[in-house]
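To keep things clear, I will list the structure first and then write my remarks on it.
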Amino acid sequence: MKINILNIPNFISFIRIFLCFPLITYLEKIPAKLTFHNIESFRYELYMVLIIVMLIIISDLIDGFLARILDQVTDFGKLIDPVADKIAILIIMIYLTQKPGFEGLSILIFFILLLFRDFYIGLNAIFFIKKYNHAFDSIKSGKWFIASTATMFLFFIYDPMLIKFVYIKWFFYSISIILMIFSTYEYFNRYNSFHSKMEK
């Protein structure tokens, strides 16, 4: 089991975790009940949130790519990469669940579904590491799910600025739900196939 922590891809994953601290700072300054009338007062904070989220998305795309190119794929990297993603997602979801009405409720439902999904994936990850000393890579549909979810979050945050595109956040909400279900199904198939192969 390759556990090397000190390499470039893992360093990028750690940077993604540290980016969550300024993300919390700026989100705390933006009211959940943001409207078109008060959005100008928080323009700087909104720009900073956009920059930080984009950096998180980019770092998520390049750490795995660099790990493969540099032959620095490690089991620790396979674990820290999704953990970094989930920390960022959790922070934004906590903020968005404070939105009033149906929007806040929808994000709460999304959050509960994601908890069940990640609990299932996490339990299986621990099981396969302990029993077979094997850690799985993230699957592509899971990466697409993270990217779609991050995009959805941005549209929910910047909703007051998107008067002509009021339904686009719900489009990405629907896409994210579909990718959540599909990626979970792919994880299920992967775990089931590997377990069946090892038990033969």
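Any read-out appearing in this document is the output of simple, stated calculations on the displayed coordinates, not a laboratory observation. Being a predicted model, the structure only gives us computed values, none of them experimental. All Cβ positions, glycine included, derive from the backbone under ideal geometry; neighbour counts span all protein chains shown.
So for region 8-199, Kirkwood radius off the Cα pairs, Stokes-Einstein at 37 °C and 0.692 mPa s: how many µm² s⁻¹?
185
If you place +1 on the Cβ of every Lys and Arg, -1 on the Cβ of every Asp and Glu, and leave all else neutral, what size is the dipole of region 8-199 about its Cα centre, to the nearest 20 Debye?
The calculation lands at about 220 debye.
Within a 10 angstrom radius of the beta carbon, how do Val49, Val73, Val83 rank from fewest other beta carbons to most?
The most exposed by this proxy come first: Val83, Val73, Val49.
Under a Cβ-only charge scheme (Lys and Arg +1, Asp and Glu -1), can you give me the dipole magnitude of region 11-105 about the Cα centre, in debye to the nearest 20?
The dipole magnitude comes to about 220 debye.
Taking the Cβ of Tyr191 as the centre, find all other residues whose Cβ is under 15 Å away and add up their charges (Lys, Arg: +1; Asp, Glu: -1). All intermediate terms of the calculation are to be shown ahead of the outcome.
Details: positive: Lys78, Arg117, Lys130, Lys131, Arg190, Lys197; negative: Asp118, Asp137, Glu186, Glu199.
Result for the local shell: +2.
Hey, what did region 65-145 get for relative contact order, percent, Cα under 8 Å, at least 6 apart?
Result for region 65-145 is 32 percent.
Positive end of the dipole of the chain, charges at C-beta (+1 Lys, Arg; -1 Asp, Glu), about the Cα centre: which of Thr35, Ile15, Gly64 has its Cα farthest in that direction?
Positive-end residue among those listed: Gly64.
Please work out how much length the chain gains when fully extended from Phe111 to Gln98, using 0.36 nm per residue of separation minus the C-alpha to C-alpha distance, in nm with one decimal.
Taking 0.36 nm per residue and subtracting the Cα distance, the gain is 3.4 nm.
Could you list Val166, Val53 in order of exposure, starting from the residue whose Cβ has the fewest other Cβ atoms within 10 Å?
The most exposed by this proxy come first: Val166, Val53.
Report ³J(HN,Hα) in whole Hz for each residue of region 112-121, in order, from the Karplus equation J = 6.51 cos²θ - 1.76 cosθ + 1.60 where θ = phi - 60°; Gly and Pro get x.
Calculated HN-Hα couplings, in order: 5, 4, 5, 4, 4, 4, 6, 5, 4, 5 Hz.
Please compute the contact order of region 8-199 in relative form: average sequence separation of alpha-carbon pairs under 8 Å and at least six residues apart, divided by the residue count, as a percent.
Reported as a whole number, the value is 24 percent.
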